[in-house]
Amino acid sequence: MSPDRVKKLLMITIPVLVLVLAAGIFFFNRNNELVLEGPQGEIAANETSSSEWAKFYPAHWDSYQANYANTEKTSHFDTKPYLTAIYAGFGFSKEYNEPRAHVYTIEDILAIDPARKKAGASCFTCKSTQVPEMMQKYGEKYYLMSFDEMKGQITEPIGCLDCHDPKTMELRLTRPALVEALQRQGKDIENISQQEMRSLVCAQCHVTYYFYPETKKITFPWDKGVKADQILAYYDEKDFAEWVHPDSGAGLVKPRHAEYETFINSTHQSAGLACADCHMPYTKVGNKKISSHVWQSPLNNIEQSCTTCHRNGTDWLINRVETIQSQVKQTQDLAGEAVVEAINELKISQAAADVDQAKLKEARELHRQAQWYLDFVVVTNGYGFHNPTETLNNLGRAIDIAHKSAKIAREARGLK
Ligand code: HEC
Ligand code: HEC
Ligand code: HEC
Ligand code: HEC
């Protein structure tokens with residue numbers, strides 16, 4: 001062949017080869033990333049029983065069932081003994097367990113210490129697919145009902161209906177408190193990106209909240225922003241306290257599992273990740289790939305959760321997570337001691353005969369702040385991994401403010 005013909009032949013064959021290769025890669029990937037798209041069958045609009053959904057989504061059902069293997073139930077008090085002192089006078093001081101799998105919510109809530117039932121029917125809000133139905137049935141009265149009034153009516157744990165529209169299988173938000181909080185922030189609820197939804201479905205429950213005075217309605221305190229200082233400013237403006245600490249006399253507020261708030265503006269969130277990227281990674285079931293429906297520590301399946309992006313290997317990753325978490329734990333213990341010291345000083349001062357009331361008031365106010373920043377970290381699952389710098393910053397504030405509180409409490413009774 002003449003060089004000219006070779007050139008011509010190549011000019012034809014190369015593009016054809018490239019096309020064939022591209023099509024091959026495209027179909028290979030498509031096949032490999034095969035996930036069920038769209039609805040596979042008719043599910044009733046209010047189907048609260050996940051086992052009914054299972055008929056059409058057996059692979060997802062199997063994945064969901066695997067949550068039962070996660071039986072571990074541990075108390076926060078085992079690793080953080082100072083908590084009983086800081087929660088004195090409040091239900092949380094009686095019992096406070098670490099979370100476990102979604103499927104155990106009903107079992108766990110029914111076994112809870114009676115001291116924790118005061119919050120009433122609202123306790124069930126993050127525990128069952130039947131909650132939106134109950135809210136519809138009872139309207140605003142739902143929030144005022146007692147724990148025992150609701151108890152017998154709720155049997156289903158967290159399930160498909162909490163996150164999916166049964167007709168389209170799209171992700172959707174079923175909890176009014178989140179939708180209302182987003183609306184107050186001016187967010188266009190109808191135009192939320194899919195990637196945001198992959199975090200927001202979790203933000204229905206993995207957030208801090210409070211019971212609005214009088215109506216007892218579950219409300220997210222996000223109007224000034226979702227960060228610890230912004231939420232505290234929101235409560236301060238409302239002059240809101242959940243309880244008064246018996247030893248210090250300070251009016252306190254209690255954060256709850258603020259995973260979503262902590263994740264916002266973290267390295268991973270600003271890099272575009274969502275909760276589901278680490279906690280619901282693609283996983284192979286037979287010849288299919290589905291989003292894992294086992295909600296667990298991503299360290300249990302690190303190859304799926306992390307090494308898709310991080311090529312440094314699992315040992316490196318585990319080491320990074322452990323380093324972050326042990327540093328957070330160490331600083332958290334320091335903050336715990338500092339807050340307990342403030343409480344102890346306040347206890348002596350408020351019992352003293354001759355006290356400077358202005359200083360006592362100031363020291364109590366500082367106790368409120370210090371405990372808030374500490375507790376915001378304590379109750380947020382993941383031991384700081386979701387946002388290491390911010391977590392340590394909050395603990396730094398807690399330590400500083402608690403020392404000031406203790407100092408001013410001592411000054412209130414004339415000590416230097
Ligand atoms: C309807 C409320 C609700 C929704 C929605 C929800 N969770 Fe949970 N989640 C909970 C509760 C409540 C627990 C604690 C259960 C217990 O201890 O009985 C929990 C526990 C967990 C745990 C801990 C399991 C363990 O082994 O300790 C992880 C991880 C988790 N959820 C991740 C997620 C992710 C990720 C999403 C979003 C894709 C999500 N959750 C959506 C309420 C919810
Ligand atoms: C806590 C929220 C949550 C619950 C509960 C939940 N899912 Fe999902 N599901 C998700 C998320 C997040 C995705 C990923 C969606 C995406 O990326 O578009 C998903 C994806 C899916 C998909 C699409 C294919 C895939 O694997 O990505 C199906 C089908 C599905 N889920 C079925 C179910 C069934 C059946 C149940 C009940 C047994 C269930 N889900 C419970 C959050 C949930
Ligand atoms: C970059 C990956 C990543 C993202 C994104 C992420 N997490 Fe996590 N999450 C982790 C790691 C790592 C842990 C620590 C697990 C451990 O200590 O075993 C964790 C722990 C948790 C736990 C406690 C589970 C346990 O077994 O202790 C919960 C609950 C949780 N995350 C919820 C969320 C929610 C809700 C979001 C989104 C707002 C989210 N996570 C986003 C990686 C992630
Ligand atoms: C979708 C991609 C993606 C996944 C999945 C992911 N990461 Fe990352 N991670 C990033 C990006 C992007 C950064 C920012 C730094 C960079 O560009 O490497 C980062 C940063 C980090 C850092 C350093 C920053 C910090 O906040 O300390 C650690 C540690 C880390 N990731 C651990 C993990 C672990 C553990 C998991 C699994 C639980 C995980 N990542 C899952 C993309 C990802």
ask   = Any idea which residue in the stretch 361-411 is most open to solvent (accessible area, probe 1.4 Å), counting only those that are among the basic types (Lys, Arg) and farther than 30 Å from Leu317 by Cβ?
value = Lys361
remark   = Leu182 passes all but one of the listed conditions (1) open to solvent by less than 30 Å² (accessible area, probe 1.4 Å); (2) touching a strand residue (DSSP E or B) at 6+ places or on another chain (Cβ under 9 Å); (3) within 16 Å of ligand 1 (Cβ to nearest atom); the exception is number (2)
query = Do we have any residue at all in the stretch 144-155 that's farther than 22 Å from Ser93 by Cβ, surrounded by fewer than 21 Cβ atoms within 10 Å (Cβ to Cβ) and either among the hydroxyl-bearing types (Ser, Thr, Tyr) or within 16 Å of ligand 2 (Cβ to nearest atom) (or both)?
reply = yes
task = Starting from residues that are surrounded by fewer than 16 Cβ atoms within 10 Å (Cβ to Cβ) and not small (Gly, Ala, Ser), keep the ones in the stretch 78-96 and report whichever is farthest from ligand 4 (Cβ to nearest atom).
result = Lys94
query = Applying the selection to the stretch 257-305, what residues are more than 26 Å from Thr208 (Cα to Cα), within 11 Å of ligand 4 (Cβ to nearest atom) and among the charged types (D, E, K, R)?
reply = Glu303
request  = Would you check which residues across the stretch 202-225 are open to solvent by 70 Å² or more (accessible area, probe 1.4 Å), away from ligand 4 (no atom under 16 Å from the Cβ) and either basic (Lys, Arg) or modelled with pLDDT of 95 or more (or both) and list them?
outcome  = Lys216, Asp223, Lys224
remark   = Only one of Gln304, Gln332, Gln296, Gln327 is outside any loop (DSSP other than H, G, I, E, B) and within 16 Å of ligand 1 (Cβ to nearest atom), namely Gln304
query = Ile154: more than 29 Å from Tyr234 (Cα to Cα), among the hydrophobic types (A, V, I, L, M, F, W, C) and at pLDDT below 95, yes or no?
reply = yes
Conditions (1) in contact (Cβ under 8 Å) with a residue 24 or more places away in the chain; (2) out of contact with any helix residue (DSSP H, G or I) (no Cβ under 6 Å at 6 or more places or on another chain); (3) surrounded by fewer than 14 Cβ atoms within 10 Å (Cβ to Cβ); number of the one not met by Pro166 = (3)
inquiry  = Regarding the stretch 96-106, can at least one residue be identified that is out of contact with any helix residue (DSSP H, G or I) (no Cβ under 9 Å at 6 or more places or on another chain), within 16 Å of ligand 3 (Cβ to nearest atom) and of a type in the set (Asp, Glu)?
reply    = no
task = Kindly provide the set of residues from the stretch 184-217 that are more than 13 Å from the chain's Cα centre (by Cα), on the phi < 0 side of the Ramachandran plot and assigned to a loop (DSSP other than H, G, I, E, B), ordered by number.
result = Gln185, Lys187, Asp188, Ile192, Ser193, Tyr212, Pro213, Thr215, Lys217
task = Test Glu42 against the criterion of being under 38 Å from the mean Cα position of the chain (by Cα), assigned to a helix (DSSP H, G or I), modelled with pLDDT of 80 or more and over 24 Å from His279 (Cβ atoms), and give yes or no.
result = no
inquiry  = Can you confirm whether Glu180 is within 23 Å of the chain's Cα centre (by Cα) and either hydroxyl-bearing (Ser, Thr, Tyr) or farther than 25 Å from Asn393 by Cα (or both)?
reply    = yes
key: Which numbered condition Val226 misses (of (1) in contact (Cβ under 8 Å) with a residue 40 or more places away in the chain; (2) among the β-branched types (Val, Ile, Thr); (3) closer than 27 Å to Ile158 by Cβ)   = (1)
ask   = Hey, Val355 hits all of (1) in a helix (DSSP H, G or I); (2) more than 16 Å from ligand 3 (Cβ to nearest atom) but one; which does it fall short on?
value = (1)
request  = Taking the residues in the stretch 45-73 that are touching a strand residue (DSSP E or B) at 6+ places or on another chain (Cβ under 7 Å) and surrounded by fewer than 18 Cβ atoms within 10 Å (Cβ to Cβ) as candidates, determine which candidate is modelled with the highest pLDDT.
outcome  = Asp62
request  = Filter the stretch 328-360 down to the residues that are closer than 25 Å to Gly414 by Cα and polar (S, T, N, Q), then identify the one that is least open to solvent (accessible area, probe 1.4 Å).
outcome  = Ser349
query = Could you list, in sequence order, the residues of the stretch 266-280 that are part of a loop (DSSP other than H, G, I, E, B) and crowded, with 19+ Cβ neighbours inside 10 Å?
reply = Ala274, Met280
task = Confirm whether Phe263 is modelled with pLDDT of 95 or more, over 27 Å from Glu345 (Cα atoms), away from ligand 2 (no atom under 16 Å from the Cβ) and crowded, with 23+ Cβ neighbours inside 10 Å.
result = no
inquiry  = With the structure loaded, tell me whether Pro157 is out of contact with any Asp or Glu (no Cβ under 6 Å at 6 or more places or on another chain), in a loop (DSSP other than H, G, I, E, B) and farther than 25 Å from Glu52 by Cα or whether it fails that test.
reply    = no
task = Would you tally the residues in the stretch 54-110 being in contact (Cβ under 8 Å) with a residue 24 or more places away in the chain, touching a Pro at 6+ places or on another chain (Cβ under 8 Å) and within 15 Å of ligand 2 (Cβ to nearest atom)?
result = 5
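The values are calculated or read from the model by the stated rules, or taken from the named source; none is laboratory data. From a predicted model like this one, the values you see are computed outputs, not experimental measurements. Glycine also receives a Cβ, built like all others from the backbone with ideal geometry; neighbour counts cover every protein chain displayed. SASA here: full protein model, heavy atoms, side chains in, ligands and nucleic acids out. Shrake-Rupley method; radii C 1.70, N 1.55, O 1.52, S 1.80 Å.
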